[in-house]
Amino acid sequence: MRRSVIGSAKALSNRSCQNHWNVLLLRPLASSPSRFMSSTSVLDSPPPPPSSMPPVSLDNINPKVLKCEYAVRGEIVTLAQALQEELKSKPGSHPFDEILYCNIGNPQSLGQQPITFFREVLALCDHPSILDRSETQGLFSADAIERAWQILDQIPGRATGAYSHSQGIKGLRDTIAAGIEARDGFPADPNDIFLTDGASPAVHMMMQLLIRSEKDGILCPIPQYPLYSASIALHGGALVPYYLDEATGWGLEVSELKKQLADAKSKGITPRALVVINPGNPTGQVLAEDNQQGIVEFCKQEGLVLLADEVYQENVYVPEKKFDSFKKVARSMGYGEKDISLVSFQSVSKGYYGECGKRGGYMEVTGFGPEIREQIYKVASVNLCSNISGQILASLVMSPPKVGDESYESYSAEKDGILSSLARRAKTLEDAFNNLEGVTCNKAEGAMYLFPCICLPEKAIKAAEAAKTAPDNFYCRRLLNATGIVFVPGSGFGQLPGTWHFRCTILPQEDKIPAVVSRLTEFHKSFMDEFRD
């Protein structure tokens, strides 16, 4: 009864107010001039002329955004997407029936299947009510059920849709730290782990921390993954390039680091950090331990933060090479927290898991004082937290099934099948590139890419100039229009001046690789004949 009376009173009051305003609005303005208004009504004034310029244009947006570029999803990919739409709406309109995306490390988009154990655990965590159902035992492996219970017990309220601690769920960080310790043989602290939505936000976070002005430099490999050049540009820093030696299999020479460091300092730039990508992207090399030791020593002597991109640590395809983390190398040299500042990046997007869309990853931050750690945490907290599914996946990647677990055999078969297939695809494409006229390609020791060098005829270079584009972009555009194959021009990654390259992933499924090779071979012969000097 009370609610009814109050509701009626409110309704009467609202109607009364509305009627009052209706009377005021309908009353002629001239009959009751206000002391706050001139004798000429505002309603009689002509409207202001519309602005001739939009409020946001290329002339008035942040110039750092304009400077930023990301070739992996650039012009060639945009053209490929338009062609794909044309193939759907007008079948047979092009000399190919599908687009073969070899531009980006996105394994599952090209047919790679997710790891069953990982997805079982994710499904159970996201829908925990099915854990109590009897039929669940027959649908999911016992160790996936057990792991899901363990993870849910670490999540407050067992709610995967809730925010977590800004560094990530503590129990999951404990698991990741234990995985790092098992990998390296040296202790890892869960408080050093910051879980992120893939490795990219972690890279941005560190650039945000380190770059104060355009006078702060970040040493980056050339060729490099465009995330680094884009992030440096967005945060207003200076990219200090160091060139990998293509003649020695994309070797990283400490003498080159010293040369570029000195050159940067002579220009008034203060180098803050060194980026190393191991295994390499786009170049596919795997660093030897003695090479890593030289890099660690260089950073220690020069007072540089070592930013170690290690997202391809599972992707090593040659028996003579193995992955060693920079943290393991530094600790093996006797260097601890007080000797070198080191940030290691890992992601669930690469390896044999390929869970790009789940956006999981982390950075391990070591060698920073507590006052700096507080600042890193502050920046992390601005984004609240990374997504919980990605956090769970990061813990699974660093702690997969072990010998004796029910899922171990199927997990091992899936993992080995994916990695061995990637190795075969890499070798097939490497051989195909080296059989093309004017093309040389280093061995793909690891990662997911090949970065062949192409010697283009002078006529092709002049044709590219006439088309107002880079010669390698010209080649990739012609390749796409003729074959539907999507490569990324080397100019998007940086390259030694006067050389031209393109990046090709090894990710199309194995039964698609022969089509890539045959289409590419036929196109390349035609292209070289057309532009032969």
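The values are calculated or read from the model by the stated rules, or taken from the named source; none is laboratory data. Just so it is clear, the model here is predicted, and its values are computed rather than measured. All Cβ positions, glycine included, derive from the backbone under ideal geometry; neighbour counts span all protein chains shown. Note: areas computed on protein heavy atoms with side chains; ligands, DNA, RNA excluded. Shrake-Rupley method; radii C 1.70, N 1.55, O 1.52, S 1.80 Å.
Rolling a 1.4 angstrom probe over the protein chains, ignoring ligands and nucleic acids, what is the accessible area of Phe493 in square angstrom, nearest 10?
Answer for Phe493: close to 0 Å² accessible.
Have a look at the DSSP beta bridges in the stretch 188-280 and tell me what percent are antiparallel, nearest 5.
10
Quick check: with the 1.4 Å probe, what order do Glu355, Glu374 take by accessible area, largest first?
Glu374, Glu355
Rounded, prolate or oblate for the stretch 91-183? Axes are the square roots of the Cα gyration tensor eigenvalues, ordered a ≥ b ≥ c, and the cut-off for rounded is a/c under 1.5.
prolate
Where Lys and Arg each count +1 and Asp and Glu each count -1, what net charge lies around Ile461 among other residues with Cβ under 15 Å from its Cβ?
That sum, taken over residues with Cβ under 15 Å, equals +1.
Find the percent of Cα-Cα distances in the stretch 379-461 that exceed 15 Å, and round it to a whole number.
Taking all Cα-Cα pairs of the stretch 379-461, the fraction more than 15 Å apart is 74 percent.
In terms of solvent-accessible area of protein heavy atoms at a 1.4 angstrom probe, what is the ranking of Thr366, Thr428, highest value first?
In descending accessible area the options line up as Thr428, Thr366.
Evaluate the charge dipole of the chain about its Cα centre and quote only its size in Debye, nearest 20, assuming +1 on the Cβ of each Lys and Arg and -1 on the Cβ of each Asp and Glu.
2360
How do Ser166, Ser93 rank by accessible surface area computed with a 1.4 Å probe, from largest to smallest?
Ser93, Ser166
So which lysines pass the test for Lys468, namely a Cα distance under 16 Å, with those fewer than 8 places away in the same chain ruled out?
Lys459
Using the Karplus curve 6.51 cos²θ - 1.76 cosθ + 1.60 with θ = phi - 60°, what ³J(HN,Hα) values do you get for each residue of the stretch 245-253, in whole Hz, with x for Gly and Pro?
The phi angles translate into 8, 4, 5, 10, x, 6, x, 10, 9 Hz.
State the percentage of accessible surface on the stretch 400-533 attributable to carbon and sulfur atoms; use a 1.4 Å probe and exclude ligands, DNA and RNA.
Summing carbon and sulfur atoms, their accessible area is 54 percent of the total for the stretch 400-533.
Can you name the helices of the chain, as whole DSSP H runs, whose Cα span along the helix axis is 27 Å or more and whose Kyte-Doolittle mean is not below -1.0?
Helices meeting the criterion: 2-26, 408-434.
Any idea of His127's accessible area? Nearest 10 Å², probe 1.4 Å.
90
Calculate how many DSSP beta bridges within the chain are antiparallel, expressed in % of all such bridges and rounded to the nearest 5.
50
Leaving out ligands, DNA and RNA but keeping every protein chain, what accessible area does Tyr362 have, in Å² rounded to the nearest 10, with a 1.4 Å probe?
Surface open to solvent at Tyr362 totals about 10 Å².
List the residues, sorted by chain then number, that are 5 or more residues from Val240 or on another chain and whose placed amide H is less than 5 Å from its amide H.
Here the answer is Ile218, Leu219, Cys220, since their amide H atoms fall under 5 Å of that of Val240.
So how much slack lies between Asp290 and Arg373, counting 0.36 nm per residue of separation and subtracting their Cα-Cα distance, in nm?
Full extension from Asp290 to Arg373 adds 26.9 nm.
Taking a 20 Å limit on the Cα-Cα distance, which of the listed pairs Lys215/Lys267; Lys300/Lys338; Lys322/Lys443; Lys327/Lys415 fall beyond it?
Cα-Cα > 20 Å for Lys327/Lys415; rest within.
Could you work out Rg/(2.2 N^0.38 Å) for the stretch 447-533, with Rg from alpha carbons only?
1.08
Using a Cα-Cα cut-off of under 23 Å, which lysines could be cross-linked to Lys88, ignoring same-chain neighbours fewer than 8 residues away?
Lys512
Given the stretch 224-362, what percent of its DSSP beta bridges are antiparallel, to the nearest 5?
So the antiparallel bridges amount to about 25 percent of the total.
Only Cα pairs under 8 Å and at least 6 apart count here; give the relative contact order of the chain as a rounded whole percent.
Worked out over the chain, it gives 19 percent.
Accessible area per residue, 1.4 Å probe, Å², for the stretch 336-484: what's the number?
Accessible area per residue: 39 Å².
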